[in-house]
1. Which residues, counting only those in segment A:111-155, are in a loop (DSSP other than H, G, I, E, B), more than 16 Å from the chain's Cα centre (by Cα) and either in contact (Cβ under 8 Å) with a residue 60 or more places away in the chain or under 30 Å from A:A173 (Cβ atoms) (or both)?
2. Taking only pairs six or more apart or across chains, which ones have beta-carbon atoms under 6 Å, a first residue in segment B:9-24 that is over 21 Å from B:D51 (Cα atoms), and a second residue that is of a type outside the set (V, I, T) and in a strand (DSSP E or B)?
3. For the subset of segment A:184-224 comprising residues that are modelled with pLDDT under 95 and within 12 Å of chain B (Cβ to nearest Cβ), which member is farthest from A:S269 (Cα to Cα)?
4. Just the residues that are aliphatic (A, V, I, L, M), in contact with a Phe, Trp or Tyr (Cβ under 8 Å, 6 or more places away or on another chain) and either at pLDDT below 95 or closer than 21 Å to B:A92 by Cβ (or both), please, taken from segment B:256-288.
5. Quick check on A:G249: is it more than 11 Å from chain B (Cβ to nearest Cβ), at positive phi and either surrounded by fewer than 24 Cβ atoms within 10 Å (Cβ to Cβ) or touching a Phe, Trp or Tyr at 6+ places or on another chain (Cβ under 7 Å) (or both)?
6. Do we have any residue at all in segment A:78-99 that's part of a loop (DSSP other than H, G, I, E, B), at pLDDT 95 or above and either surrounded by 22 or more Cβ atoms within 10 Å (Cβ to Cβ) or in contact with a helix residue (DSSP H, G or I) (Cβ under 8 Å, 6 or more places away or on another chain) (or both)?
7. Of all residues in segment A:3-43, count the ones that are within 14 Å of the chain's Cα centre (by Cα) and farther than 18 Å from A:Q77 by Cβ.
8. Inspect segment B:204-215 for any residue being crowded, with 20+ Cβ neighbours inside 10 Å and among the β-branched types (V, I, T) and give the result as yes or no.
Protein chains: 2
Amino acid sequence: MSLTVVGSIAFDAVKTPFGERERMLGGAAVHFSLAASFFTEVRPVGPVGDDFGADEFAVLERRGILTDGIEQVAGGQSFFWRGRYDFDLNVAHTEDTQLGVFAEFEPKLSAAAQAADTLFLANIQPDLQRQVRAQCGAARFSGLDSMNLWIETAGDSLRAAIAEVDCLVVNDAEIRQLTGESNLARAARAVMEWGPRAVIAKQGEYGAALFTADGFFALPGFPLEEVRDPTGAGDSFAGGFFGYLDGQGGDLDEAHLRRAMGYGTVLASFNVEEFGTERVSRLSREEIDARFEALRRMTQFDAPSAL
Amino acid sequence: MSLTVVGSIAFDAVKTPFGERERMLGGAAVHFSLAASFFTEVRPVGPVGDDFGADEFAVLERRGILTDGIEQVAGGQSFFWRGRYDFDLNVAHTEDTQLGVFAEFEPKLSAAAQAADTLFLANIQPDLQRQVRAQCGAARFSGLDSMNLWIETAGDSLRAAIAEVDCLVVNDAEIRQLTGESNLARAARAVMEWGPRAVIAKQGEYGAALFTADGFFALPGFPLEEVRDPTGAGDSFAGGFFGYLDGQGGDLDEAHLRRAMGYGTVLASFNVEEFGTERVSRLSREEIDARFEALRRMTQFDAPSAL
């Protein structure tokens, strides 16, 4: 099985109450790929500038990530984001965004990238997401993330893009904004009427909820006493979720989807323990499985009749 | 086993996007008692005015609630709250509060109320909570709710009151505010160092989390497509939680605490489906158990090795 993800490959400057980094590897496709790399073969697709060097490629390659879809644009600058979090780590304050080479990005995927069994369209302009989706006809399972900017400025394109994927993965507030429906369960059902068979509502520290045609499943965020930088948590969640499913051969029954929610939660929790990619890039599968089991123990309860 | 709850017994005026009621039975001790009544013998304690009549007593008595702790003050007016919710049902906008007979409340519990095995101190002034706690020496398990008003105006009293109970049950933002600690897991641990052996963080539609000395457990809110009035959800949660535990003979091991979280979640979910006490006052134990089992199915997942 193989997984293609398209999205930002970037440098981030981040300040939180617990530290700061002036320039570190980041971007949705990077966080997604690192998380997914524990489960399957993953290929990030996107442009970078000359400033993206051997050190950055090495972080990805050490995790076995296929980097042949990363297009280095001569004379260009990589996507750059500068943000700040105050004590409420659920809210990112963007201070600067420089699209760099992303401003001219026209996705032309290689044959290998197009042949992926699983496709994830990280948060980029929805027309670009649709171009990529159209090139990946072999994908048996596809997902899409987005943000309030595109809901507000490209709503029609975004709805068309959503209609073409199997699974929408966005923040719960964005599901409400997308549908104009304040009740989350109704909003998720409205999205499923557009096409997707699954909707994941990311809820920050509260975890994530999965809506399917005949099911609902939710997990809390893994409780952590040290959270240093939430940047990339949602992308790490998606990487764990889609990575696990692809690694399982694409079996999408309810039991697999729930386990994938667990792996997504675990990868997101490791991601936020340190800045940027620092924690996930030196993570082990054993640590992941131990935390998965801990999460399972934290969420199980018996029926009274089981006494 | 028996359960005493002290708190407001009130009339509420509530407006939400889904309807309004100009005057209906409400108050923390009322919502708590109705929820707990499905599991054990519960006795609400608090003052009411002449305006609290046979109809209001009948709602309680039909559920087998012991009303001998409700003190009718001649010439007095019952506690009254007027509030409004907009589409974000997590936020109550208080428009009027009239303490009425609560302004002069000096708790003097009957021998029967004092003999309770389980005690819940709903949200009232913390010195009053301490007076009640001191009268209930027989309680083997005690809980306390509070609010930002008391954190800000009576913080020392509140901390003393918390130190004297087994279980704090407040909103997650209040746990942070109480302790000055933004990380919820650390904040809960700080509270446990004051005395309680358990801390429940209520999280509105996101559910609730239970922190104990060596455990963490969390449940999502039960997903509902119809939420009409969230007033009393937290008190219904507490009523289900403490009611179930008391009804089980006060066994407080981890398995019982988790099941109690499940019943709390279920009672809160029924409470918000309609205005005030309308839904819970005609609820059946069969409906509760069916939703408890549905909640259990929505939160369980297997380890990959179970495949």
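The values are calculated or read from the model by the stated rules, or taken from the named source; none is laboratory data. Just so it is clear, the structure is predicted and the values come from calculations on it, not from any experiment. With ideal geometry, Cβ positions are generated from the backbone for all residues, glycine too; neighbour counts draw on all protein chains shown.
1. Residues of segment A:111-155 that are in a loop (DSSP other than H, G, I, E, B), as a first pass: A:115-117, A:122-125, A:136-140, A:145-147, A:154.
Of the ones still in play, those that are also more than 16 Å from the chain's Cα centre (by Cα) are A:115-117, A:136-140, A:154.
Scanning segment A:111-155 gives A:A115, A:A116, A:D117, A:C136, A:A139, A:R140, A:A154.
2. B:K15/B:R84; B:T16/B:Y85
3. Restricting attention to segment A:184-224, the residues satisfying the condition of being modelled with pLDDT under 95 are A:204-205, A:213-215.
If we keep only those that are within 12 Å of chain B (Cβ to nearest Cβ) too, we end up with A:204-205, A:214-215.
Numbers: A:G204: 10, A:E205: 9, A:D214: 28, A:G215: 25 Å.
Residue satisfying both the conditions and the ranking: A:D214.
4. Here is the first cut: in segment B:256-288, the residues aliphatic (A, V, I, L, M) are B:257, B:260-261, B:266-268, B:272, B:280, B:283, B:288.
Imposing the further condition that a residue be in contact with a Phe, Trp or Tyr (Cβ under 8 Å, 6 or more places away or on another chain) reduces the set to B:257, B:260-261, B:266-268, B:280, B:283, B:288.
Once the filter is applied, which keeps residues that are aliphatic (A, V, I, L, M), in contact with a Phe, Trp or Tyr (Cβ under 8 Å, 6 or more places away or on another chain) and either at pLDDT below 95 or closer than 21 Å to B:A92 by Cβ (or both), segment B:256-288 yields B:L267, B:A268, B:V280.
5. Taking the combined requirement at face value, the residue satisfies it.
6. Yes, segment A:78-99 has at least one match.
7. 13
8. Looking for residues that are crowded, with 20+ Cβ neighbours inside 10 Å and among the β-branched types (V, I, T), one finds none in segment B:204-215, hence no.
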